[in-house]
Amino acid sequence: MLLKYSFEEESNKALKNKNLQEALINTTNRFRSARNKIVSDSDNWEELRQVARSIKEHTINNLHNYLQLLENNIISAGGHVHWARDSEEACEIIRQIAQKNSVKKIVKSKSMATEEIHLNKSLESHGYSVVETDLGEYILQLSGDRPSHIIAPAIHKTKADISKLFSEKFNVPEYDDPQELTSIAREKLRSEFLSADMGISGVNFAAADTGTIAIVENEGNARLTTTLPKIHIALMGIEKIIPKFDQMGLFLKLLIGSATGQKISTYVSLITGPRKKGETDGPKEFHLVLLDNGRSKIMSNPNTRESLYCIRCGACLNICPVYRKVGGHAYGGTYSGPIGAIINPQLEGIDKHPELPFASSLCGACKDVCPVKIDFPKVLLDLRRQVIENKSKENSRAGLIEKLSFKVWKGINKHPKLLQLLNSIGYYMQKPFIGNNNKITSLPFIFSRWTKTRDLAPIPKKSFRQIWKERNND
Amino acid sequence: MVKENRQIASNTNVSLFITCIVDSFFPRVGESMVKVLRRAGVQNITFPENQTCCGQPAFNSGYPDEAREVAIKFLEDFDDDRYIVSPSGSCVSMVSVFYKQLFENDEQYLRLSEKISGKIYEFSDFLINVLGISNVGAKYSGKVAYHDSCHALRELGISNQPRELLRNVSGLKLIEMDMHDACCGFGGTFSVKLPNVSTAMLQEKVQCIIDSGADTVVSTDMGCLMNIEGYMSRKSIPIKVHHISEILSITD
């Protein structure tokens, strides 16, 4: 029996997980303070956000032209470009490159796009050995787990979890010291880098006018992944493109500042095609795989198109009061937090993620921190409308009850006398529910979800409109 | 520098947009608001008696058609040249910000929305920016932590106005609590759709209020305050919960 995933159930589980709660507070607090410092040290952060948003808006409105330009420039630089309509096609393209080159071992640097297309599963099922080289992703791969934060994928794992995991997998003692644990991973990964036939990475930005991709990291594993093996495949969501190389500085500053609060990350790799004649480093072959997988569909809706401006910084996760309480796995898809709430339903289908647009109080804090000023509340509201429209077609009982409730709500609010009548009825009907402290402590039906943890002040005998009417009749 | 100017107030015509929550559950908030407006010198105050709701609950739940019908009624009920003053940042933002989205395909009501958007104000914003009054002669002995309601802060930019008014209340000590702009977990139907997440957010907010040392929490929105008060009442936490209009209405 396949249990349907439920955000509510998963979030309830997350709320009870003490380790997760502690990790979420520590990680998000740390990222938030770091970002706040970068922003307050900057004298034109707001201006930069606006410029970045304008560039993204223009780029997405002319996406195909820029992708074409990018392709031309990568080919001129000696690279290959492939266009993948969806996950299956992307995996197939990558497998074919591996097969053609008799690849046995593949090393990977962190890429949410590769998570999106379930690449590892596809490669492994065809007999390839795939090794994640980002420490967080490496840990997740060893434990058969998925990322729960866009920047720090394994925050849901405790030091004890990792210590036990390494001890099991590598037959070593359970070390307590994070430095010790990291050096075990480092040693293991070194030999993987040196024996890999192919390296797969993501792309943070691609400049159309020069055919250059940028990869941002702090560990150095992406640098090794993209330079040691003889083949480098970079997988890129088509929305990651920017028109000009000159704009890289702006976007890198916004991405890195928003993600980790650094002025710049430890390594920034700018790659234009494969190793050139006379160069001593770099892969023989460079392949860029452009991934659509639902992005063109997002573009076709003007109300939600700005979902594609995202540069995957994770700042929205760190400020989201919901994410901070439930973590990434509760979102049930590749992406989490506010960006996950808007793109999981759009990439994977509204019917697959009907709860996500409602997994938000619409507080708008995400909108405040987004480096490209995505209006999350606006997009969420449009997705909520789509979910309800979709639900009408389903005819579920809960859906019909809610629909009827809002029709009743509408009727009442179009007739103030009816509203007043309801107030008076409510005043009398609430009496059995009022407790000793003159508060309502328990209510039936959906209202019990309020009274489970909160009291409610009783409806007063006279509403404002009644009081006003009486005063003015005096 | 904000000037005190009763001349402005006496020439200002105000229509009250009380909001469905305040009308039914917290009429005393509406009464306090009227009391303060009168004390500030506003003489011409009306209450368009056909008013009900701005439509936000349906809009936020994904029912724009139902919201639209109620919103049209709102626009018709308030279509004149008077200022509209409301004790809710959330409801004001629905009208002045979200009606543009709701009516994007209806030119007639879009234009009416734009006209009304220019005249509708949350109460503290109205006092400071329209009447030019920052001291309403109020008295309140207490340490007050101010909670920034999400819509008031992020859609309407309301942050300094309530704080300035509170600072000028005789006997009141204004405290800035940690995470004063974090969501309290209300979010309208969110509070009953995801009650456990909502309560977890609320717990964190209440802890910040307690940690600040305040004996009173104040905000511009009864949705938030109803949520906060509900939890504090359940946990017998003796911190007072007041709408800003209630604090400003106290003179002894």
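Readers should treat all values here as calculations from the given coordinates under stated rules, not as data from a laboratory. Given the structure is predicted, the values throughout are model-derived calculations rather than measurements. So basically every Cβ, Gly included, is an ideal-geometry build from the backbone, and we count neighbours across all protein chains shown.
Values for this structure:
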item	result
Averaged over A:438-451, number of beta-carbon atoms from partner chains that fall within 10 Å	3
Net length gained if the chain between A:Ser392 and A:Ser6 were fully extended (0.36 nm per residue, minus Cα distance)	137.0 nm
Where Cα atoms sit under 16 Å apart: lysine pairs in chain B separated by 8 or more or lying on different chains	12
All lysines inside 19 Å of A:Lys188 as judged from Cα atoms, apart from same-chain residues fewer than 8 positions distant	A:Lys104, A:Lys105, A:Lys108, A:Lys110, A:Lys159, A:Lys164, A:Lys169
Debye log10 I(q)/I(0) for chain A, one point scatterer per Cα, at q = 0.11, 0.13 Å⁻¹	-0.96, -1.26
Dipole of the protein assembly as shown, positive direction: furthest Cα of B:Leu127, B:Ile210, A:Val289, with charges on the beta-carbon	B:Ile210
Per residue convex hull volume, Cα atoms of the range A:77-231, in Å³	119 Å³
Zone residues, the range A:233-274, relative to A:Asn62, backbone N less than 19 Å from point 7 Å out along Cα-to-Cβ	A:238-251
Centroid-to-centroid separation of the range A:406-423 and the range A:163-229 [C-alpha atoms, Å]	62 Å
Listed peptides B:17-30, A:164-177 by packing density, highest first (mean Cβ within 10 Å)	B:17-30, A:164-177
Shielding by other protein chains, B:51-63, mean Cβ within 10 Å	6
Relative counts (whole %) of C-alpha pair distances in the range B:1-119, using bins that are 10 Å wide	13, 43, 31, 12, 1
Estimated distance in nm for a label pair at A:His126 and B:Ile175, the labels positioned 7 Å out from Cα along Cα-to-Cβ	6.3 nm
Shielding of B:201-207 by partner chains, average beta-carbon count, 10 Å	2
Sites B:Asp211 and A:Asp176 - FRET efficiency at Förster radius 30 Å, r taken between beta-carbons, to 0.05	0.40
Disulfide-incompatible cysteines by the Cβ rule (no partner under 4.7 Å) in chain A	A:Cys91, A:Cys310, A:Cys313, A:Cys320, A:Cys370
Within the range B:51-65, backbone nitrogen closer than 19 Å to the virtual label 7 Å beyond the Cα of A:Lys417 toward Cβ	B:51-53
Debye equation applied to the C-alpha atoms of chain B, log10 I(q)/I(0) at 0.08 Å⁻¹	-0.30
Residues A:Thr266 and A:Arg305, FRET efficiency given R0 of 45 Å [Cβ-Cβ distance, rounded to 0.05]	0.85
Segment A:Lys284-A:Arg190, length gained on full extension (0.36 nm per residue, minus Cα span)	31.8 nm
Taking all pairs of distinct alpha-carbon atoms in the range A:1-103, Kirkwood radius in angstrom	19.6 Å
For the range B:1-126, size of Cβ-based charge dipole, Lys and Arg +1, Asp and Glu -1, in debye	720 debye
